[in-house]
Amino acid sequence: MILLFSFLFWVSALTLFHIYVGYPLLIRWLSRTFGQSTRKAPYPGRCSIVISAYNEVETLPPKLSRLLQGPNNELIAEILIGSDGSTDGTEQALQELRDARIKVHHFAERQGKASVINTLVPTAQSDIVVLTDARQPLSDGALAALLSNFADPLIGVVSGELIFQDPDDSSIGKGMDAYWRYEKSIRKAEAGFRSVPGATGALYALRRDLFEPIDPNLLLDDVGIPMQVVLKGYRCVFEPLAVVYDRPSASGKAEAIRKRRTIAGNVQLVAKMPDLIKPWRNPIWFEFVSHKLLRLMSPFCLLLTFCVSGYFAIGRGAACDSSWFMIFYGAIFGLHALLLLLALGNVFFVGRLFSAAAMFLRLNWTTLLAWGDALQGRFNVNWQRST
């Protein structure tokens, strides 16, 4: 029994170390040592923009007005809007913008973002298609920065960078900001080494001729579409100058809903695209497994290391003559307890350390719930705004 518990502990501990420390450090070293440069040049043509919208009368018209009045305007050939069963007057509001490049496709019944993309992308006139969400505004130089990467013939997908505007002083805002900074540092390193296993859903671009329709029930188009392109031998890179702005979720519940959907989508992705977990098919198998899949195991590894270290330190260790045995496992158990105390302290104190601990535990709890969604097939492809 002791050998079994020790084995489970070390497998779990090493997995956690690889997920949160080892892989980020390794991918940065690989990027610096064996990194690939991207040839950039001003894009000579224009792009097609594709947006799936559901009841976005308050957010979409202002976003399009800014796009069509700023520096991005010169790079836009057309904007294809899929009104996915909207009932709030979104289509009428778009007509008032009076720009011939805005082409609204009406879907009487809700199809889901994946189906809208499958319908609109093949109809695009431009060689480069930019996919963006209805809500988040783009920086003035976002499109130019995205398109400049396609001067390199090996680049198939370019991801923009999501920046949170004025993250509030709440624990949710601080925690999300810290988590996203950590996440972006990994993506930049992955792009510098080979490819990012996915893109920022709020803004990414791809070569139209590399697009293939995705499963209409797929939750994560921003992973499925880029990985389809990567499987063809092209790279997916990260462009930090292509900025799209957003605000942190206003509540922990709203953020948990979003993350739960995303994490369940990663489980679903493996079932829908099994080539992603085949090393001989996926050229960035190591990055995909380390970044996307192993994180799904994080809550189970945390529970195992907590329980086993507690058993050895308090139970079995008390009857053991080896002092180092008790000290080691006691220290691991103490680290878990400290993490829990910091997360609980976030209820009374606001600070990056408290909010980061709370966000870490909240993310792992959400992952457990997402596993339940995935195993029971609770995938709702139709996005709903959290309230």
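The values are calculated or read from the model by the stated rules, or taken from the named source; none is laboratory data. As the structure is a computational prediction, the values presented were derived from the model and not from experiment. Neighbour counts are summed over all protein chains in view; Cβ atoms, including those assigned to glycine, are modelled from backbone coordinates with ideal geometry.
Determine whether region 89-110 contains at least one residue that is of a type in the set (K, R), more than 18 Å from P137 (Cβ to Cβ) and under 26 Å from the mean Cα position of the chain (by Cα).
Looking for residues that are of a type in the set (K, R), more than 18 Å from P137 (Cβ to Cβ) and under 26 Å from the mean Cα position of the chain (by Cα), one finds at least one in region 89-110, hence yes.
Do we have S52 as more than 23 Å from V158 (Cα to Cα), in a strand (DSSP E or B) and polar (S, T, N, Q) here?
The answer is no for S52.
Name the residues in region 92-113 that are farther than 20 Å from Q69 by Cα and acidic (D, E), would you?
E109
May I ask you to verify whether P24 is crowded, with 17+ Cβ neighbours inside 10 Å and more than 30 Å from S290 (Cα to Cα)? Walk me through it before giving the result.
Values: crowded, with 17+ Cβ neighbours inside 10 Å: yes; more than 30 Å from S290 (Cα to Cα): no.
Against the criterion (crowded, with 17+ Cβ neighbours inside 10 Å and more than 30 Å from S290 (Cα to Cα)), P24 does not qualify.
Within region 183-232, can you find the residues that are under 26 Å from R32 (Cα atoms) and assigned to a loop (DSSP other than H, G, I, E, B)?
Hits for region 183-232 are R194, S195, V196, P197, G198, A199, T200, K232.
Cβ-Cβ below 7 Å, separation at least six or inter-chain, first residue in region 1-28 and without any contact (Cβ under 8 Å) to a residue 40 or more places away in the chain, second outside any helix (DSSP H, G or I) and of a type in the set (K, R): which pairs?
none
Considering only region 40-52, I want to know if a residue exists there that is in contact with a Cys (Cβ under 6 Å, 6 or more places away or on another chain) and either small (G, A, S) or at pLDDT below 90 (or both). Full working, then the answer.
Narrowing region 40-52 to residues in contact with a Cys (Cβ under 6 Å, 6 or more places away or on another chain): none.
No; the residues of region 40-52 include none that is in contact with a Cys (Cβ under 6 Å, 6 or more places away or on another chain) and either small (G, A, S) or at pLDDT below 90 (or both).
I want to confirm something. Restricting to region 122-134 and keeping residues that are among the β-branched types (V, I, T) and surrounded by 21 or more Cβ atoms within 10 Å (Cβ to Cβ), which single residue is nearest to L203 (Cα to Cα)?
The selected residue is T132.
Does region 54-69 contain at least one residue that is in contact with a strand residue (DSSP E or B) (Cβ under 6 Å, 6 or more places away or on another chain) and of a type outside the set (F, W, Y)? Steps first, please.
Within region 54-69, the first condition is being in contact with a strand residue (DSSP E or B) (Cβ under 6 Å, 6 or more places away or on another chain), and the residues that meet it are 54, 60.
Pick out the ones that are also of a type outside the set (F, W, Y) and you get 60.
Within region 54-69 (the criterion being in contact with a strand residue (DSSP E or B) (Cβ under 6 Å, 6 or more places away or on another chain) and of a type outside the set (F, W, Y)), the answer is yes, since at least one residue qualifies.
Residues of region 90-133 being touching a Lys or Arg at 6+ places or on another chain (Cβ under 7 Å) and among the aliphatic types (A, V, I, L, M), which ones?
Result: V121, A124, I128, V129.
Could you count how many residues in region 6-23 are within 14 Å of L296 (Cβ to Cβ) and hydrophobic (A, V, I, L, M, F, W, C)?
2
Out of A331, A318, report the one residue that is at pLDDT below 80 and hydrophobic (A, V, I, L, M, F, W, C).
After applying the criteria, what remains is A318.
Identify all residues within region 76-92 that are out of contact with any Asp or Glu (no Cβ under 9 Å at 6 or more places or on another chain) and farther than 24 Å from E212 by Cα; write none if there are none.
Of everything in region 76-92, those that are out of contact with any Asp or Glu (no Cβ under 9 Å at 6 or more places or on another chain) and farther than 24 Å from E212 by Cα turn out to be T87, G89, E91, Q92.
Identify, from the list T119, T33, T15, T87, the residue that is polar (S, T, N, Q), surrounded by fewer than 15 Cβ atoms within 10 Å (Cβ to Cβ) and not in a loop (DSSP other than H, G, I, E, B).
T33
Of the conditions (1) of a type in the set (K, R); (2) farther than 23 Å from D215 by Cβ; (3) in a loop (DSSP other than H, G, I, E, B), R66 satisfies every one except a single condition; which number is it?
(3)
Before we move on, is I277 within 13 Å of the chain's Cα centre (by Cα) and of a type in the set (V, I, T)?
Judged against the criteria, I277 is not a match.
Restricting attention to region 269-291, which residues are in contact with a Lys or Arg (Cβ under 6 Å, 6 or more places away or on another chain) and surrounded by fewer than 17 Cβ atoms within 10 Å (Cβ to Cβ)?
D275, the sole residue that qualifies.
Got at least one residue in region 101-108 being in a helix (DSSP H, G or I) and under 28 Å from K40 (Cα atoms)?
No, because not a single residue in region 101-108 is in a helix (DSSP H, G or I) and under 28 Å from K40 (Cα atoms).
Given the criteria at negative phi, touching a residue at least 40 places away in the same chain (Cβ under 8 Å) and surrounded by fewer than 23 Cβ atoms within 10 Å (Cβ to Cβ), does T38 qualify? Give the steps one after another, and end with the answer.
Numbers: at negative phi: yes; touching a residue at least 40 places away in the same chain (Cβ under 8 Å): yes; surrounded by fewer than 23 Cβ atoms within 10 Å (Cβ to Cβ): yes.
Considered against the rule, which asks whether it is at negative phi, touching a residue at least 40 places away in the same chain (Cβ under 8 Å) and surrounded by fewer than 23 Cβ atoms within 10 Å (Cβ to Cβ), T38 comes out as yes.
Quick check on L64: is it modelled with pLDDT of 90 or more, closer than 30 Å to Y234 by Cα and surrounded by 13 or more Cβ atoms within 10 Å (Cβ to Cβ)?
no
Here is a yes/no grid of residues against (1) out of contact with any Leu (no Cβ under 8 Å at 6 or more places or on another chain); (2) at negative phi; (3) in contact (Cβ under 8 Å) with a residue 24 or more places away in the chain; (4) crowded, with 20+ Cβ neighbours inside 10 Å:
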| site | (1), (2), (3), (4) |
| --- | --- |
| R187 | yes, yes, yes, yes |
| G192 | yes, yes, yes, yes |
| T200 | no, yes, yes, yes |
| E212 | yes, yes, no, no |
| L218 | no, yes, yes, yes |
| E239 | no, yes, yes, yes |
| R247 | yes, yes, yes, no |
